[in-house]
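Here is the structure we will look at, set down as structure tokens.
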Amino acid sequence: MPESVILASPTGARYSRILSVGSYRPSHVVTNAEICTRIDSSDEWIRERSGITERRHASKDETVVTMATSAASMAIARAGIDPSDVDMVLLATISHPYPTPSAAVEVGELIGARGAAAMDISAACAGFCYGVALANDMIRGGSAKYVVVIGVEKLSDVVNPTDRGTAFLFADGAGAVVIGPSDQPGIAPVVWGGDGSQLQAINMTASSIAFRDDPSLGYPTVTMAGQQVFRWAVTEMVKATKDALEAAGITAEQLDVFIPHQANNRITDALVRALALPESVVVARDIVTTGNTSAASIPLAMDRMMENGEAHSGDTALLIGFGAGLVYAAQVVKLP
Ligand code: UT7
């Protein structure tokens, strides 16, 4: 390249923050008793081992795209921006039935963000935190002003209801945030990574089991080595959460809220103990009535905590997502 040619380089807002959050919960409540009609288990075992008392399963008409559209539209309305202001739709999921076109581009069209860039993120239960990190960098880098980040799953389509290791755990729903420019830092540096040596810990394999709404779509099925993932979460994720606090330049005492991926209440308990969180820190326990909704679990919990008054606008919150890959991402944010 000749010396004289200097390319323009985009510059964006100095900081970004989460402006709003929205969610969608399917109406069909599935109790532990109903789950136990298909697996050899009990309400007591499921509560003790995971914390879950009930979860939601989407109906045939509630898809990854429709649930994501509802959550994103709610977040956009609450942000007070016009859908046409959205520059990028980032949608994290592992349960959209086909890889292309992306769910994100379809959702962009449905929410009225025509012309917005769009892509799906495949980072399983870490997908939402990956999206928040990417949106923060895009806004500060100048490639977008407003980004919608969605975490959405219809895991009832990809979980075998007769699998004792997963059927009681995974569930459906969607959460979304709008991220935009800010005068003050609203999203601290991300701490993220992956461990490809544990590919087999949670994966999806081809399956012809006819339990889905539409078996012709040929979804693969989730398999999980639960204990292996549990051990990794309660050791490696402790380091990641501590590193995220350090990256934000704060201590556990300065946190208001802790919203870990709602994987299992016992994993949350272990993280709370290891971080020595003060009693004053409010901890997300949305798993109890929502189950583990993978990419959707953090924004679903965030929205519920803000709606029921447990968390407030401006609170300092530590987020961490972790799951299949194995991959993870953690960051401290200001709540919208
Ligand atoms: O979201 C993505 C990341 N995923 C996670 O973070 C999930 C991490 N893993 C877990 O949350 C837990 O491993 C599970 C909740 C999935 C399972 O809990 P666990 O305490 O690890 O159970 P286990 O596999 O160690 O099994 C303990 C016992 C065994 O019986 P014995 O050998 O002690 O007699 C199992 O056979 O519980 C038995 N068991 C069950 N009993 C009733 C296993 N599954 C069930 C079941 N109902 N569904």
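Read-outs: derived from the displayed coordinates by stated rules, not from any lab. Everything numeric here is computed off the predicted structure, so don't read it as measured data. Every residue, glycine as well, gets a Cβ built from its backbone with ideal geometry; the counts of neighbours run over all protein chains shown.
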> How much length is gained if the chain between ALA13 and ASP85 is pulled fully straight, taking 0.36 nm per residue apart and subtracting their Cα-Cα distance, in nm to one decimal?
Replying inline: 24.4 nm
> Using Cα pairs under 8 angstrom and six or more residues apart, how large is the relative contact order of segment 15-182, in percent?
Replying inline: 35
> Given 0.36 nm per residue, what is the gain on full extension from ALA206 to GLU3 after removing their alpha carbon distance, in nm?
Replying inline: 67.8 nm
>> If amide hydrogens are placed 1.01 Å from N in the peptide plane, which non-local residues have theirs closer than 5 Å to the one on GLY325?
In response: ILE202
> Using a simple spin-label model with points 7 Å from Cα along the Cα→Cβ vector, what separation in nm is obtained for THR53 and ASP183?
Replying inline: 4.4
>> Sequence gap at least 6, Cα distance under 8 Å: using those rules, report the relative contact order of the chain to the nearest whole percent.
In response: 25
> Say R0 is 45 Å: what FRET efficiency, to the nearest 0.05, do ALA33 and THR100 get from their beta-carbon distance?
Replying inline: 0.70
> Hey, in the GNM for the chain with a 10 angstrom Cα cutoff, which one of ASP269, ASP82, ASP40 fluctuates hardest?
Replying inline: ASP40
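Please figure out what share of the DSSP beta bridges in the chain is antiparallel and state it in percent, rounded to the nearest 5.
Percentage antiparallel, nearest 5: 70.
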> Can you list the trypsin sites (Lys or Arg not before Pro) in segment 35-114 that are in a DSSP coil and have 15 or fewer other beta carbons within 10 angstrom?
Replying inline: ARG38, LYS60, ARG114
> Hey, how many Å between the Cα centroid of segment 145-164 and the Cα centroid of segment 306-332?
Replying inline: 17
